[in-house]
Amino acid sequence: MNMTKRALLIPLWFTSVAAAYFLGKGFPTGDDRETDLPLEQRADIGSINAPGSDDPTSSEPGDLENADVISVDGEMTVAVSLEDTSLLTPDQARDLLVTALAMPKSDPNRSRVITSLLSRLAETSPVEALELASQIGSLRDTRRAKESILRTWAKNDPIAALAWAEEALISEPPYSRNAQLEAIYMGYAENDASAAFQLANSLKESTPSEIRLKSEILEQIIEMQIETGDLSTAKATVEALEDGDMKDRLVRDFVDRWASFDPESAAEYVLSMGEDADVGIKTALLSEWAENDPAAAADWLSNLSPDDPATARASAEIIREWTRYDLNASAEWLNSLPQSPELDRAVASYAYRAAEEDPAVAMSWAESISDDSMRVRMMQRVASTWKTADPEALDAYVASSDLSEEQVKTLLSTPERRGSGNWRGRP
């Protein structure tokens, strides 16, 4: 283990808990000279021995490789951070929990300290950890701690965790029950994603809640596979599913996640699907792609058949992102598309963004919308922004327009736009 010269790198809020334990319990630290230190220095110490050792400066290789080493009166002491409670034995975690649970509920770090210690205890005594979690006092913090415990338990013994859930969660409200089941499956997937997926795929689908739970668990497992670099397995997993709504949703989610880091490859995959690539899949690809490279997404969409139903919906997603960066280029692309009522949402998206920069141009786009209600709504939206920025210019536009008297009255009576949160006409 490399000896560092860092004075102290552990959070005070955790070391104070550790110090209370080690000083209160008389935990051996090589000698007892630390207890003679001023109180404010004791709170910065947090010593811990390696399991099975009486010497805090020695351990088996790798036991404390992530710990910080500090010097107190010439003695080397190992300081454990909250992120490395794995260095604690279950008995140490259990005893520290007594002190942690006694922390003031007003302490914003109380929940994190307790959850970290409970997760450590869950490595060997998950049921006990779950029982202790009920002492936290906050329903929200208790829920989070239980989910962390269950994920740890399932990572080590998924069958036991699932068997416990089958009985223990039967009377839980649906939201709480589903959240805990998700935690179990995520822990299971950390060690064996394929097995976790197969088991989750056998879950019931008799109610909307069950369908939602199953879909969310499968989606998270696939995302975990992708994030760990196992893209090919995730792809094979999705493709092996039976055709149906569940598979369609998961394919869309898979393409969306893939496109977030490699849109070109995801696009090739979508093309290889042929007619199986529906509007939702193409839109998922293009909306994610547009966040990083709207011009490339637009170019890919332009190569699709003009009557492809994905054009209308995906073009709106592309414009929504592209106009954040380049109004001119996005306008040129939108103009290049064949005029169609299906493009109304894309045009509305452009008008919405352009209103902030050039309300006169935005108004001309809004006027071109085919749908009557959408056109009126967007013209009011533009007029609202225009009135705030340059009311005289708005008056001049109205005076020279071919609008009816009623339309003029509607636009001029539109209140000024004070902030984005006050307008409800977003397309």
Can we say L203 is outside any helix (DSSP H, G or I), within 15 Å of I217 (Cβ to Cβ) and of a type in the set (A, V, I, L, M, F, W, C)? yes
Apart from one, (1) in contact with a helix residue (DSSP H, G or I) (Cβ under 7 Å, 6 or more places away or on another chain); (2) within 27 Å of D326 (Cα to Cα) all hold for M246; the odd one out is (2)
Given the structure, is A277 out of contact with any His (no Cβ under 9 Å at 6 or more places or on another chain), farther than 24 Å from S373 by Cβ, buried (at least 16 other Cβ atoms within 10 Å of the Cβ) and among the small types (G, A, S)? yes
Taking Q180, is it part of a helix (DSSP H, G or I), modelled with pLDDT of 95 or more and within 30 Å of D248 (Cβ to Cβ)? yes
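Here's the yes/no breakdown for (1) closer than 26 Å to L301 by Cβ; (2) assigned to a helix (DSSP H, G or I); (3) open to solvent by 50 Å² or more (accessible area, probe 1.4 Å):
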{"site": "T237", "(1), (2), (3)": "no, yes, no"}
{"site": "E242", "(1), (2), (3)": "no, no, yes"}
{"site": "R252", "(1), (2), (3)": "yes, yes, yes"}
{"site": "A267", "(1), (2), (3)": "yes, yes, no"}
Could we say that A354 is under 29 Å from Y397 (Cα atoms), in contact with a Lys or Arg (Cβ under 9 Å, 6 or more places away or on another chain), buried (at least 22 other Cβ atoms within 10 Å of the Cβ) and of a type outside the set (K, R) here? no
Just checking, how many residues over region 281-298 are assigned to a helix (DSSP H, G or I), over 16 Å from R257 (Cβ atoms) and of a type outside the set (A, V, I, L, M, F, W, C)? 1
Wholly enclosed helices (runs of 4 or more DSSP H) of region 318-367 bearing at least 2 residues farther than 25 Å from E288 by Cβ: 344-357, 359-367
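Residues to consider are I217, I149, I170; find the one that is more than 29 Å from R110 (Cβ to Cβ) and surrounded by 15 or more Cβ atoms within 10 Å (Cβ to Cβ). Before you say what the answer is, go through the steps one by one.
Numbers: I149 fails: more than 29 Å from R110 (Cβ to Cβ); I170 fails: surrounded by 15 or more Cβ atoms within 10 Å (Cβ to Cβ).
Exactly one residue qualifies, and that residue is I217.
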Among the candidates E219, E242, E182, E227, single out the residue that is within 26 Å of D278 (Cβ to Cβ) and in contact with an Asp or Glu (Cβ under 7 Å, 6 or more places away or on another chain). E219
Being open to solvent by 70 Å² or more (accessible area, probe 1.4 Å), over 18 Å from A266 (Cβ atoms) and either of a type outside the set (A, V, I, L, M, F, W, C) or in contact with a His (Cβ under 7 Å, 6 or more places away or on another chain) (or both) is the requirement here; does N303 meet it? no
Among the residues of region 376-384, is any more than 27 Å from L304 (Cα to Cα), surrounded by 15 or more Cβ atoms within 10 Å (Cβ to Cβ), over 37 Å from the mean Cα position of the chain (by Cα) and of a type in the set (D, E, K, R)? no
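The values are calculated or read from the model by the stated rules, or taken from the named source; none is laboratory data. Since we're looking at a predicted model, the values are computed, not measured. Methodologically, a virtual Cβ is constructed for each residue, glycine included, from the backbone with ideal geometry; neighbour enumeration extends over all protein chains shown. These area figures cover heavy atoms from the full protein model, side chains too; ligands, DNA and RNA do not enter into them. Shrake-Rupley method; radii C 1.70, N 1.55, O 1.52, S 1.80 Å.
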